Amino acid sequence: MASDLLRHLLTTDSRYLTQWQKRARRKGAYINQSAVANVLDDYLFESGEGCSGKGTRSLKDRVSRALSGTSLSWETLGWFINAFSMSDIDANRLREAHGGSAHGPSGISHTLRGRRELARPQRHRTMNLIERYEVGPTGTLASRHTSQVIRAAEDGVTAYFFNHEPEAASIEVLHGGRLGRRYEYGGGLLGVEIMLCDPLDRSDVALLEYRTAFSPTSSRAMEVRRPAFARAENVSLSVRFTGERRPRKAWTCVWDDPLGEQPVEEESVGPGGDSLYRFLPYIEETVVGFRWQ
């Protein structure tokens with residue numbers, strides 16, 4: 001069971017044990033759940049995923065449910081893995097243990113029918129990805145706001161490569177770097193380098209936050225897509241409709257190519273309302289997103 005393994009790692013592995021122990025006011029033989037919650041809270045604040053406030057009751061309750069085995073969601077498991085900077089081996093053990101549960105979404109991987117040539121090699125892993133799209137009153141894309149935690153896979157990582165839509169009018173880096181060279185590559189894909197504030201050595205972590213604005217004269221949006229050529233974990237995607245226009249029908253989708261026309265998998269999410277949301281524990285060598293009518 002994932003909760004049992006999580007407790008075991010937090011109490012027996014010094015790499016994780018010391019992180020919460022140094023935040024505990026009282027030392028004891030049992031896990032200090034408030035101290036563990038503080039580790040998670042620091043991560044959520046630094047990653048931009050949430051600013052719950054140190055030691056809040058809701059976060060301590062979530063830690064309690066996770067460690068007791070009452071409730072451990074994929075999202076919460078991702079928080080533990082990233083907040084404690086768990087090794088790939090331990091992270092995979094936890095995911096495999098959690099995979100035996102009937103609850104929670106599964107990840108999506110290896111749907112690409114071929115590999116497009118990349119503008120530059122990918123030398124990082126995405127540990128956490130939050131992507132928020134906004135569709136304006138006229139039905140066109142207005143903005144795309146991205147918050148992302150990356151971890152270097154080798155020494156000397158100096159840039160992150162952002163693949164963006166052709167309709168993008170401007171890209172602003174809010175935190176973590178500056179815009180670099182733009183590329184057209186892979187038979188029709190567009191992207192831009194985000195040069196990091198400081199080079200990363202292997203296992204170093206950086207938080208990136210950037211915002212894309214779209215031309216108001218663009219055609220009406222009917223879908224959004226997020227490609228992943230390498231593994232990205234704890235992926236949160238959403239679309240918000242700000243005007244009176246609402247989707248009559250909407251689907252979560254998977255494509256086999258960033259520019260492919262028809263999804264290879266889709267699932268109806270009903271009328272859609274004023275927002276669409278999907279969380280995935282991981283995506284890899286795939287394209288995911290939404291489409292709507």
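Data for the structure
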| read-out | value |
| --- | --- |
| Residues within segment 75-114 that are surrounded by fewer than 16 Cβ atoms within 10 Å (Cβ to Cβ), farther than 17 Å from N234 by Cβ and at pLDDT 80 or above, tallied | 4 |
| Matching residues, segment 56-74, being hydroxyl-bearing (S, T, Y), in a helix (DSSP H, G or I) and at pLDDT below 90 | S58, S68 |
| Residue list for segment 245-293, restricted to those being at pLDDT 90 or above, closer than 18 Å to G139 by Cβ and polar (S, T, N, Q) | Q293 |
| Residues of segment 184-237 satisfying the condition of being buried (at least 17 other Cβ atoms within 10 Å of the Cβ), among the polar types (S, T, N, Q) and farther than 22 Å from P263 by Cβ | T212, N234 |
| R151 vs. criteria basic (K, R), crowded, with 17+ Cβ neighbours inside 10 Å and in contact with a strand residue (DSSP E or B) (Cβ under 7 Å, 6 or more places away or on another chain) | yes |
| Residue under evaluation M127, criteria (1) in a strand (DSSP E or B); (2) at pLDDT 90 or above, criterion not met | (2) |
| The listed residue being assigned to a strand (DSSP E or B) and farther than 25 Å from G156 by Cβ, out of T217, T212 | T212 |
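The values are calculated or read from the model by the stated rules, or taken from the named source; none is laboratory data. This one's a predicted model, so the numbers in the text were calculated from it and none came from an experiment. Methodologically, a virtual Cβ is constructed for each residue, glycine included, from the backbone with ideal geometry; neighbour enumeration extends over all protein chains shown.
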